[in-house]
Amino acid sequence: MLGRKKREEEEVRAFLGKGAEFTGKLMFNGSVRIDGDFKGNIFGSGTLVVGEGAEVEADIRVDSVMVSGAVRGRIDVKKKVRIF
């Protein structure tokens with residue numbers, strides 16, 4: 001039962017793929033992965049994953065963030081930051 005809950009929390013609920021561009025405000029619960037280009041603001045209860053090759057220019061306020069790509073802006077994280 002506990003293992004199942006963890007897998008559900010790790011499930012990516014939204015995805016911005018390579019080659020995609022978005023400008024605006026992103027608000028989410030759960031996990032979101034960005035592999036494309038994003039400009040704006042990001043607010044979330046959960047985990048933001050910035051994939052390798054992603055370009056993010058944003059003010060970010062989330063529970064956790066994992067960064068493999070480029071991020072420019074302010075990052076406010078409540079729990080955990082991982083930079084690869």
- Item | FRET efficiency, R82 to S45 (Cβ-Cβ, R0 22 Å, nearest 0.05) | 0.80
- For the chain, the per residue accessible area (1.4 Å probe, Å²) is 69 Å²
- Task: Go ahead and estimate [θ] at 222 nm for the chain from helices alone: -39,500 (n - 2.57) per DSSP H run with n ≥ 4, summed, over the residue count, rounded to 500.
- Result: -3000 deg cm²/dmol
- the chain, Gaussian network, Cα under 10 Å: of R72, R33, R61, the residue fluctuating most is R72
- Any chance you could look up the accessible area of I60 with a 1.4 Å probe, heavy atoms only, rounded to 10 Å²? 10 Å²
- Find, to one decimal place in angstroms, the Kirkwood hydrodynamic radius of the chain, where the mean of 1/r is taken over every pair of different Cα atoms and then inverted. 12.7 Å
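Leaving out ligands, DNA and RNA, what percent of the accessible area of the chain is carbon and sulfur, probe 1.4 Å?
Ligands and nucleic acids excluded, carbon and sulfur reach 48 percent.
The values are calculated or read from the model by the stated rules, or taken from the named source; none is laboratory data. Everything numeric in this text was worked out from a predicted model, so none of it was measured. Every residue, glycine as well, gets a Cβ built from its backbone with ideal geometry; the counts of neighbours run over all protein chains shown. Quick note on the areas: whole protein, heavy atoms, side chains included, nothing else; ligands and nucleic acids left out. Shrake-Rupley method; radii C 1.70, N 1.55, O 1.52, S 1.80 Å.
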